[in-house]
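I have placed the structure first, in the form of structure tokens, so that the comments after it can refer back to it.
The values are calculated or read from the model by the stated rules, or taken from the named source; none is laboratory data. In this text the structure is predicted, and so the values were computed from the model without any measurement. Because the Cβ atoms are built from the backbone with ideal geometry, glycine has one as well, and the counts that use them run over all protein chains shown. Just the protein is used for accessible areas: all its heavy atoms, side chains included, with ligands, DNA and RNA removed. Shrake-Rupley method; radii C 1.70, N 1.55, O 1.52, S 1.80 Å.
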Amino acid sequence: QLQLVESGGGLVQPGKSLRLSCAASGDSFGFYALGWFRQAPGKQRDLVAAVLSGGDTKYSNSVKGRFTISRDNTKKSVYLQMNNLGPEDTAVYYCNAALGSERLGLPSTRWGQGTQVTVSS
């Protein structure tokens, strides 16, 4: 099974950019669907962006046009480029991986420990 470690979070001013990285260890990385979720205080954990094993991507409406998800199978990594950040993007961001018939977001799939992103002036 994959183990996931996120990095790149921090404090950033509104309108600025941040790039999150998620490094995986384990086998068959290229076969996994990968996603970034976020959870703000008092709210549920929601999908931000996903990239399938074949490269197809999808985004939540709230980040479409601002965020870009990408994967590098040779580095066993997935990235989230976040541009034009706003206070509403403040949350803990989690990397998620699902294999085969698994569905992203389920507790039984692989999760990182999360990285905090705070957007504030």
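Mean shadow of region 65-121, computed from the convex hull of its alpha carbons, in nm²? Mind dumping the intermediate values first?
Details: hull surface 20.6 nm².
Its average projected convex-hull area is 5.1 nm².
Over region 44-121, what is the mean sequence separation of C-alpha contacts under 8 Å (at least six apart), divided by residue count, expressed as relative contact order in percent? Could the numbers behind the result be given before it?
Numbers: 94 pairs, mean separation 17.1, N = 78.
That works out to 22 percent.
Leaving out ligands, DNA and RNA, and with a 1.4 Å probe, what % of the accessible surface on the chain is carbon or sulfur?
On the way: 3040 of 6350 Å².
The nonpolar share, carbon plus sulfur, comes to 48 percent.
Starting from the Cα gyration tensor of the chain, multiply each eigenvalue by 5, take the square root, and state the resulting semi-axes largest first in whole Å. Mind showing how you got there, number by number?
Values: eigenvalues 106, 39, 34 Å².
With the √(5λ) rule applied to the chain, the semi-axes are 23, 14, 13 Å.
Among 85-91, 38-44, how do they line up by average Cβ neighbours within 10 Å per residue, starting with the highest? Walk me through the numbers before you get to the answer.
Values: 85-91: 16.4, 38-44: 11.4.
Listed from highest to lowest mean packing, they are 85-91, 38-44.
Accessible area per residue, 1.4 Å probe, Å², for region 24-121: what's the number?
Solvent-accessible surface per residue comes out at 51 Å².
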